[in-house]
Amino acid sequence: MLRARGATVRYPEATADALADLDLEIGAGEFLAVAGPNGCGKTSLVRALLGLVPLTRGTVELEGRAIAGWRREDLAQVVGLLPQREEMAFSWRVEEVVGFGRYARLGALSPMSPADHAAVDRALERSDVASLRKRRVDTLSGGEWQRVRIARALAQEARLLVLDEPTAALDLGHEMELFELVQGLVGEGLAALVITHHLNVAARYAGRILLLDGGRVAASGSAGEVLRPELLSSVFRWPVSVITLDGAPQIIPRAPGATRRDYS
Amino acid sequence: MRAIVGLGLFGLAACFLGLAVGAVPIPPGAVLDALFSSDAPAAGIVRNLRVPRVLLAFVVGGGLGVAGTALQALVRNPLADPYLLGISGGAGLAAVVAIAFGLDGAWSTPLAAFAGGLGGVALVYRLSAVAGRPLDPRVLVLAGVVVSAFAGALITAVLTLSPAEKLRNSFLWLLGGFSASSWQALGVFSAYAAIPILSLGRAARSLDLLSLGEEPAEALGLSVRKARRVVYLSASLLTAASVAVCGIVGFVGLIAPHALRTLLGPAHRRLLPAVFLASGGFLVAADALARTVVRPIELPVGVVTSLIGVPLFALLLRRSLK
């Protein structure tokens, strides 16, 4: 569905590439997590994949067409993006926010059709926020708000969800619920690309993890292939150990200067 | 729909009040007679003076309301007013200069104000482009503040140097009013204002998305840059023309959008028509008050809108923050 080959981004007046030689592919029913230290190029990666920043070299193709050739309203019917930060200036209702997912399919003056309303209802249902539809968004909890935003992307009938640190502001329980929701959607055939700092959750849910460091891919593959203690310690510049729990590798940060042998 | 009907009735009531009151009060029955028969005793005053004045105030008020609503979505701040973008500063300066140089005719001051308003907008745009981020709402607001402050200093300088007989005219103009209304002015303004008002109405859905911020709006399929250009240009042209017609009348573009957003929700397809009716009615009523409070002297309508506007606004602010 989405494929990047040698994608490179260098901002004007920058001395280094923000993203260098990225190869990436994601198809229907795949769950890809992207991780890496702060400033590793995660945001540039999202912007490059969605054509929000021009590529210096390389290609990004969505469904076989170069991303730069997509019109915004066509792109919005294939890809649903949840930017990391989104603050509401006005007090919208949940159903209105989810209805924005239909924007790209509506004429300037035409009202929402029954099909549009049905898509909004389905999206509210699938994201488990149907009971909140009349609520004002400024009364929602962080977890509810993220589910509403996912519902909006579902109302776009997007086939690829791109979530930029969706659980950064969520507590542990709500984070797990959100990942469960995304995993369920992936099970129904959606592709999901989730940017996250939370490697342990990524290891549990994502089919593949892409680890970025300094704009380059440091490792890519299954959780077992990427979450190796030497690699992570060097990328994050902090000693870590990796254990296996419930069948997934899990990372434990160590005391400064600790070595593997201290672990028991 | 109920809201639109209600606000329509409010607008009509305000207009009827505007026809009846003034230096010479006319009883309601005589107003109706004058409207329906050209031989009625009050027909001259009502038809030649008050009808164009009331209608002009209504369209100008409605336009300011629509421009304010659109700018609030553009800069993502419900407290933005249509003069935010340097229009009032530029228009005021140009008008004061024109009056100081003896260009205080029926058309020369408005034309100077219009040109000055657009000049102020252009300067704000230019400043935000220097920062490398043309039409970035945050930079626009800052540039607007800077340009307004600069124009304010120059206005004070020009006023200080103006001869005494020009001072009164300048002050009256700066505070706004509809005493120079005519059928001609109504025709010119309405024909002109129709285009930006309709293009903002057409952009109602884009305004919804603009209010979400750049990234979410792009992701939902809006070409943000294009949409911002349309809104910025339409709102600027509309506000500059209003300032040319009646001077700087504060709070009209702020109160109705703010009150109706809490009442009807922020969706612009519903909000814009409601705001047009409410702001139009508000300005007509304010103008009616301006003509009667200290009759036969006429207060500048900007004084009335501010006197009503500030306490009303404080009340709304208090309620919306609860």
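The values are calculated or read from the model by the stated rules, or taken from the named source; none is laboratory data. Computed from a prediction, not measured in an experiment: that's the story for all the values here. Note that we place each Cβ from the backbone using ideal geometry, even for glycine, and neighbour counts take in every protein chain shown. Accessible surface is based on the protein model in full, side chains and every heavy atom, while ligands, DNA and RNA are left aside. Shrake-Rupley method; radii C 1.70, N 1.55, O 1.52, S 1.80 Å.
Evaluate the range B:144-152: report whether one residue or more is modelled with pLDDT under 85, under 29 Å from B:Phe282 (Cα atoms) and part of a helix (DSSP H, G or I). There is no residue in the range B:144-152 that is modelled with pLDDT under 85, under 29 Å from B:Phe282 (Cα atoms) and part of a helix (DSSP H, G or I).
Per the conditions (1) closer than 30 Å to B:Leu210 by Cα; (2) open to solvent by less than 30 Å² (accessible area, probe 1.4 Å), the sole criterion not satisfied by B:Gly119 is (2).
If I filter the range A:87-117 down to residues being open to solvent by less than 40 Å² (accessible area, probe 1.4 Å), more than 7 Å from every other protein chain (Cβ to nearest Cβ) and of a type in the set (A, V, I, L, M), which single residue comes out as farthest from B:Ala203 (Cα to Cα)? Out of the qualifying residues, it is A:Val94. Buried (at least 21 other Cβ atoms within 10 Å of the Cβ), of a type outside the set (Val, Ile, Thr) and within 13 Å of another protein chain (Cβ to nearest Cβ): does that describe A:Leu154? Here the answer is yes, as A:Leu154 does meet what is asked. Of the set (1) under 29 Å from B:Pro266 (Cα atoms); (2) crowded, with 24+ Cβ neighbours inside 10 Å, all apply to B:Ala95 but (1).
Output the qualifying pairs, or none if there are none: Cβ atoms under 7 angstrom, residues six or more apart or on different chains, first residue in the range B:34-52 and on the phi > 0 side of the Ramachandran plot, second residue modelled with pLDDT of 90 or more and assigned to a helix (DSSP H, G or I). Listed pairs, sorted by first residue: none to list.
Across the range A:131-143, what is the total count of residues that are without any contact (Cβ under 8 Å) to a residue 40 or more places away in the chain and crowded, with 17+ Cβ neighbours inside 10 Å?
Restricting attention to the range A:131-143, the residues satisfying the condition of being without any contact (Cβ under 8 Å) to a residue 40 or more places away in the chain are A:131-132, A:139, A:141-143.
Keeping just the survivors that are crowded, with 17+ Cβ neighbours inside 10 Å gives A:132, A:143.
Adding up the residues that qualify gives 2.
Could you list all residues from the range B:207-221 that are within 8 Å of another protein chain (Cβ to nearest Cβ) and more than 20 Å from A:Leu163 (Cβ to Cβ)?
Here is the first cut: in the range B:207-221, the ones within 8 Å of another protein chain (Cβ to nearest Cβ) are B:208-209, B:211-213, B:215-216, B:218-221.
B:Asp208, B:Ser211, listed by residue number.
Residue-wise test of (1) within 15 Å of the chain's Cα centre (by Cα); (2) open to solvent by less than 50 Å² (accessible area, probe 1.4 Å).
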site: A:Glu175; (1), (2): yes, yes
site: A:Val186; (1), (2): yes, yes
site: A:Gly189; (1), (2): no, yes
site: A:Leu193; (1), (2): yes, yes
site: A:Val201; (1), (2): yes, yes
site: A:Arg204; (1), (2): no, no
site: A:Arg216; (1), (2): no, no
site: A:Ala223; (1), (2): no, yes
site: A:Pro229; (1), (2): no, yes
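Taken together, the residues in the range B:153-177 that are surrounded by 13 or more Cβ atoms within 10 Å (Cβ to Cβ) and modelled with pLDDT of 90 or more amount to 4. Do you know which residues across the range B:24-83 are within 14 Å of chain A (Cβ to nearest Cβ) and not in a helix (DSSP H, G or I)? Of everything in the range B:24-83, those that are within 14 Å of chain A (Cβ to nearest Cβ) and not in a helix (DSSP H, G or I) turn out to be B:Val75, B:Arg76, B:Asn77, B:Pro78, B:Leu79, B:Ala80. Please verify whether A:Ser127 is under 19 Å from the mean Cα position of the chain (by Cα), modelled with pLDDT under 95 and farther than 20 Å from A:Leu199 by Cα, treating the condition exactly as stated. Criteria met by A:Ser127.
The strands (runs of 3 or more DSSP E) found wholly in the range A:1-86 include none carrying at least 2 residues that are within 14 Å of chain B (Cβ to nearest Cβ) and surrounded by fewer than 22 Cβ atoms within 10 Å (Cβ to Cβ).
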